[in-house]
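Working notes, beginning with the structure itself.
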């Protein structure tokens, strides 16, 4: 009996099966590697897509920021242009103020001199108060802690008071010096600058200011009734009425 031939056939079959098994294993390994490589490639593609989307979002965000910055830049340029125009305007105003100040300071001194002349040549109407006001203005002018605007306002105020003296009826107490140089306390009444009268404190004597002579002239007792009526009106003790009073005007003023 020959056993050698079957043994060879069986060995050959086993060899073929072993070879097929090896090829199958290699194929599985290749397939596994291929699948792994494909998965890795897909991951890379996914990451690349995500990166692209993120980059696109960043680009859109940056474009929006650039747009906003452009608007803000244009806004700042407008502000700078406006500020430059305002600075130029302020420079012009400073020059004008400086020029105005150079002109108004001499004007204020001239106005004070005008007040001085008016008070010295006018009737002695509220003379003490007017002289004190004038001195305060003279003392005010050289003061550095008072603005030119305030100085000018005070001068205009003094002029307004002077104008009011010429239109009002009033009475006040002060001393007067008579023609004989005697000084007495008196109630002084004025009707604008038309009539300036004085009455001693007990109401027994009366005087009228004579602008031409520059002194107080005694009045007759006959004028007592009309003058007392004027005093009552000045003190608001009676209703307005027609007054008959001596005037304190020069012929030139009467015209």
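Just so you know, all these numbers are worked out from the coordinates, no wet-lab data involved. Source: prediction; values computed, not measured. Please note: Cβ atoms are built from the backbone with ideal geometry, for glycine as well, and neighbour counts cover all protein chains shown.
Extension gain residue 167-residue 183, at 0.36 nm per residue separation less the Cα-Cα distance, in nm?
3.0 nm
Helix-only mean residue ellipticity at 222 nm, the chain, DSSP H runs n ≥ 4 weighted -39,500 (n - 2.57), per residue, nearest 500. What is it?
-23500 deg cm²/dmol
Arrange 87, 108 by Cβ neighbour counts within 10 Å, fewest through most, would you?
Final ranking by Cβ density, sparse to dense: 87, 108.
Tell me, what is the percent relative contact order of the chain, built from C-alpha pairs under 8 Å that lie six or more residues apart?
For the chain, the relative contact order is 10 percent.
Suppose the chain between residue 122 and residue 212 were pulled fully straight at 0.36 nm per residue; how much longer would it get relative to their current alpha carbon spacing?
Length gained, residue 122 through residue 212: 31.3 nm.
Using 7 Å Cα-to-Cβ label points, what is the residue 32/residue 150 separation (nm, one decimal)?
10.2 nm
Suppose R0 equals 41 Å; then what is the FRET efficiency for residue 74 and residue 104 from their Cβ-Cβ distance, rounded to the nearest 0.05?
For residue 74 and residue 104, the calculated efficiency is 0.40.
Using alpha carbons only, how many degrees (0 to 90, rounded to 10) separate the axis of helix 4-121 from the longest principal axis of the chain?
Between helix and principal axis, roughly 10 degrees.
Among 59-72, 129-142, how do they line up from the highest to the lowest mean number of other beta-carbon atoms within 10 Å?
Top to bottom by mean Cβ count within 10 Å: 129-142, 59-72.
Tell me, in nm to one decimal, what length is gained between residue 244 and residue 96 on full extension, where the rule is 0.36 nm per residue of separation less the Cα-Cα distance?
47.9 nm
Could you work out the relative contact order of the range 100-232, using alpha carbon pairs under 8 angstrom and six or more residues apart, expressed as a whole percent?
Computed over the range 100-232, the figure is 15 percent.
If contacts are Cα pairs under 8 angstrom and at least 6 residues apart, what is the relative contact order of the range 157-215 in percent?
25 percent
Angle between the Cα long axis of helix 224-234 and the longest principal axis of the chain, 0 to 90 degrees, nearest 10?
Orientation of helix 224-234: about 10 degrees from the principal axis.
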